[in-house]
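Input: a single structure, listed below in structure tokens.
None of the figures in this text is laboratory data; all of them are computed from the coordinates on show. For clarity, every value in this text was computed on a predicted model and none was experimentally measured. No Cβ is skipped: glycine too gets one built from the backbone with ideal geometry, and neighbour counts run over all protein chains shown.
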Amino acid sequence: MNIVQFATWEAFAALISEVEHLPTPKLFRGVTNYREHKLVPKIGRPDARKDTTDGKVLPHSESEERRLLDYFRRASPPYLSYEPRTALDWLAVAQHFGAPTRLLDWTASPLIAAYFAMEKAGTEGAPAVYVLDPPPEISGSEREDPFGLTAVRTFYPPHITPRIQVQRSAFTVHPCPSSEFEPGGLTVCCFPEGNACWELKRIVDRCGFNRGSLFPDLGGLAEYVGWCYKWGRWQ
């Protein structure tokens with residue numbers, strides 16, 4: 001893992017310019033605290049399943065994961081304007097709305113990743129953007145049965161929901177979701193902690209990357225105007 005420190009907007013902008021001229025695209029993931037973050041899909045994390053009798057942590061269960069997806073597929077159509085076509089498309093929608101899956105969120109935009117990294121900047125955490133060389137893209141047959149993968153794959157989802165579209169979403173799909181993903185060549189771009197990060201956070205907001213733009217619904221707008229009120233950040 002290559003760790004790079006960024007103290008100014010100019011340094012981060014230089015990275016964006018450098019990445020823009022590379023022959024192959026990168027993927028980006030913003031995390032609010034890189035010191036504690038591990039690249040483990042949500043469904044494989046230690047607190048994803050617990051025993052109802054004593055509250056003890058239970059290991060990942062593929063059969064229970066399949067039940068989760070089946071239930072989500074049955075119950076979600078009233079909220080969707082477009083019905084996903086494959087099992088992997090359904091996983092992508094579930095992931096984007098907060099359900100635990102074997103996917104990890106990435107984006108094609110370093111600025112979008114920077115927003116997610118700095119959501120809590122100035123109040124807590126050690127924000128950073130992970131920069132990844134994408135694993136091989138998933139094939140058509142694998143999209144029909146993402147549970148049968150034997151290696152990590154990259155998935156660029158169709159624009160099924162506005163969130164997927166505006167966040168320029170990509171995913172890595174993990175055959176063993178309880179194992180930490182440790183790809184070679186991963187770069188971690190670390191931002192200043194605490195109040196020192198505010199300048200970068202203000203610039204990212206001024207560029208149009210905020211809760212209101214990346215969650216294009218009334219909920220996202222309401223959260224954004226609440227943030228503007230709290231910090232006096234009116235347009």
Connecting every pair of Cα atoms under 10 Å apart in the chain and solving the GNM, the largest mean-square fluctuation among Asn195, Asn33, Asn210 falls on Asn195
Just His21, His37, His174 to compare: in a GNM of the chain, with alpha carbon springs under 10 Å, which one fluctuates most? His21
Report the GluC sites (Glu not before Pro) located in the range 7-53 that are in a DSSP loop and have at most 12 other Cβ atoms inside 10 Å of their Cβ, or state none. Glu36
Could you tell me the center-to-center distance, by alpha carbons, between the range 25-70 and the range 104-143 in angstrom? 17
Sort the range 148-235 into rounded, prolate or oblate with this rule: let a ≥ b ≥ c be the square roots of the eigenvalues of the Cα gyration tensor; rounded if a/c is under 1.5, and if a/c is not under 1.5, prolate when a/b is larger than b/c, oblate otherwise. oblate
Loop-only GluC sites (Glu not before Pro) in the range 111-146, please: DSSP not H, G, I, E or B, and at most 12 other Cβ atoms within 10 Å. Glu124
Where in the range 115-147 does the amide nitrogen come within less than 16 Å of the point 7 Å from the Cα of Trp227, taken along Cα to Cβ? 115-129
Please give every one of the lysines within straight-line cross-link reach of Lys120, meaning a C-alpha to C-alpha distance under 26 Å, and leave out same-chain neighbours fewer than 8 residues apart. Lys26, Lys38, Lys42, Lys201, Lys230
Can you compute the helix-only [θ] at 222 nm over the chain? Use -39500 (n - 2.57) per DSSP H run of at least 4 residues, normalise by all residues, nearest 500 deg cm²/dmol. -9500 deg cm²/dmol
Rounded if a/c under 1.5, otherwise prolate or oblate - the range 88-196, Cα gyration tensor axes: prolate
Hey, with R₀ at 45 Å, roughly what FRET efficiency would Leu22 and Glu199 work out to, going by the Cβ-Cβ distance, to 0.05? 0.95
In a Gaussian network model over the chain where Cα atoms closer than 10 Å are linked, find which of Arg74, Arg49, Arg163 has the largest mean-square fluctuation. Arg74
How many nm separate the modelled label positions at Met1 and Ala14, each set 7 Å beyond the Cα in the direction of the Cβ? 2.4
When a/c is below 1.5 the answer is rounded, else prolate if a/b is larger than b/c, else oblate, so apply that to the range 4-82 with a ≥ b ≥ c taken from the square roots of the Cα gyration tensor eigenvalues. oblate
Under 16 Å from Lys50, Cα to Cα: aspartates and glutamates that are on another chain or at least 8 residues apart: Glu62, Glu64, Glu65
As an exercise, use a Förster radius of 22 Å and the Cβ-Cβ distance of Leu186 and Glu137 to find the FRET efficiency, rounded to the nearest 0.05. 0.75
Assuming R0 = 30 Å, can you tell me the calculated FRET efficiency for the pair Asp51 and Thr86, based on Cβ-Cβ distance, to the nearest 0.05? 0.35
